[in-house]
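Scroll down for the structure; my scribbles are underneath it.
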Amino acid sequence: MASQNLVKRMFDPRSGRVVREVRTALANRDSIPLRQQLAAWRRGFYAGSIRMYDLENHRLDDYISDYQRVRKLASMNAARYMLDDKLVAYLYLHQVGVPTPTVHGQIHRGQVVWLAPEPPEGGLDGLLERRGKLAVKARAGSSGSGFAVLTREAGTTYVNGRPVDDAVQALTHCSLIITDYVEQHERLAAIYPGTTNTMRVITVRDVDTGEPFIAFASHRFGTSRSIPVDNFGAGGISVGIDLATGLFTRALRPPDPGRGSSEVHWMDEHPETGAQITGVPVPNWDLVQEGILRAMRALPGSQYVAWDVAVTRDGMTVIEGNNRGDVILQIHQPLLLDERVRRVMAAARR
């Protein structure tokens with residue numbers, strides 16, 4: 001009965017999720033028997049997840065389920081409301097000394113509110129002239145929602161490469177923040193230069209010692225399909241990171257049913273640039289670990305945070321923290337193989 005109630009909550013007919021799940025299950029049936037998929041649903045996993053997980057070598061019990069992500073992870077963080085608001089998160093992280101891109105202001109329903117006592121000379125266009133590039137993104141949201149790159153050349157402002165007369169009016173998302181554009185490390189730009197390629201680092205707080213540790217890390221690289229973001233869900237590729245060595249492991253590209261591809265594709269090189277990925281060292285890996293653990297220590301009431309990080313020439317910068325980051329990245333390694341993570345998740349049930 002409990003598993004039936006869980007499935008009902010996960011697949012509320014009003015959301016349209018049931019239709020998507022059935023379609024995915026039918027597409028999967030040649031590689032994953034429907035009986036096995038039904039068993040996975042009852043335990044809180046979406047069909048799209050189990051299609052990509054390595055169930056030949058791992059058990060479902062080794063993975064954090066989609067249901068646990070939605071229902072449990074956010075509740076494990078006392079700071080969840082702060083992290084959900086990217087403007088508030090910036091103000092806090094900046095104050096405690098965590099590197100993070102400067103937020104200059106916010107745009108709400110076509111109105112710009114600057115954080116400085118006085119607006120920048122020339123407004124947004126003037127700031128763009130001096131900075132060269134700026135980024136905007138949704139004040140709340142995930143998966144790159146509202147993200148755009150602003151540039152200005154020869155007196156013309158561009159939004160994601162498209163010329164506009166008024167950038168503020170061209171940005172239609174309800175509430176956005178205006179930040180510095182992060183210039184990534186040249187080693188990462190050499191792999192794919194079309195996006196700022198970012199890292200996802202998951203930190204967990206040990207239930208016995210109270211000290212945070214890094215449980216998982218992966219790196220995203222954009223593609224022509226994902227521009228202007230590097231997100232896996234938008235068509236980017238995901239690369240594992242060996243925590244002990246700081247080396248990239250194999251990369252993978254998600255299935256793309258719209259283009260006739262229903263399988264995950266593993267690779268050692270970027271599919272468009274041909275640049276080597278597997279075995280390449282993550283730039284500034286020691287500084288990344290140090291900075292992320294400092295950020296986690298600044299949130300003593302948080303048990304689980306998924307951080308987005310950009311590696312720069314001289315160090316790293318925290319793009320944002322996520323309460324319930326997408327667990328599909330367990331395609332690289334199940335999170336519950338680490339007994340410390342398993343204990344944290346078990347303690348959260350109590």
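Brief remarks on what is shown
- Computed on protein heavy atoms with a 1.4 Å probe, the accessible areas place Trp266, Trp285 in the order Trp266, Trp285, largest first.
- Accessible surface of region 131-222 [probe 1.4 Å, protein heavy atoms]: carbon and sulfur percent: 46
- Expected-Rg normalisation [2.2 N^0.38 Å, Cα atoms] applied to region 147-306: 1.20
- Here the contact order of region 144-203, divided by its residue count and restricted to Cα pairs under 8 Å and six or more residues apart, works out to 18 percent.
- Value of relative contact order over region 214-254, rounded to a whole percent, pairs C-alpha under 8 Å and six or more apart: 34
- On a per residue basis, the chain carries 48 Å² of accessible surface, using protein heavy atoms and a 1.4 Å probe.
- Solvent-accessible surface (1.4 Å probe) assigned to Ser145 amounts to roughly 40 Å².
- As a rough guide to protection, the peptides 116-124, 330-338 ranked by mean Cβ packing within 10 Å, highest first, stand as 330-338, 116-124.
- Using only the C-alpha atoms, the convex hull of region 44-105 corresponds to 149 Å³ per residue.
- Label-point separation, Leu293 to Val159 (7 Å along Cα→Cβ), nm: 4.3
- Computed helical MRE - 222 nm, the chain, DSSP H runs ≥ 4 contributing -39500 (n - 2.57), nearest 500: -7500 deg cm²/dmol
- Solvent exposure of Leu83, expressed as accessible area, is near 10 Å², computed with a probe of 1.4 Å over the protein chains only.
- Fully extended contour minus Cα-Cα distance, from Ser75 to His94, at 0.36 nm per residue: 4.4 nm
- With a cut-off of 17 Å on the backbone N, the residues of region 227-244 near the modelled label site 7 Å out from Asp54 along Cα-Cβ are 238-244.
- Restricting the trypsin sites (Lys or Arg not before Pro) of region 48-95 to loop positions (DSSP other than H, G, I, E, B) with no more than 13 neighbouring Cβ atoms within 10 Å leaves Arg59.
- The chain: relative contact order in percent, alpha carbon pairs under 8 Å with at least 6 residues between: 18
The values are calculated or read from the model by the stated rules, or taken from the named source; none is laboratory data. None of the values given here were measured: they were computed from a predicted structure. FYI the Cβ positions are ideal-geometry reconstructions off the backbone, even for glycines, and counts take in every protein chain you see. Keep in mind that these areas ignore ligands, DNA and RNA; they rest on the heavy atoms of the full protein, side chains included. Shrake-Rupley method; radii C 1.70, N 1.55, O 1.52, S 1.80 Å.
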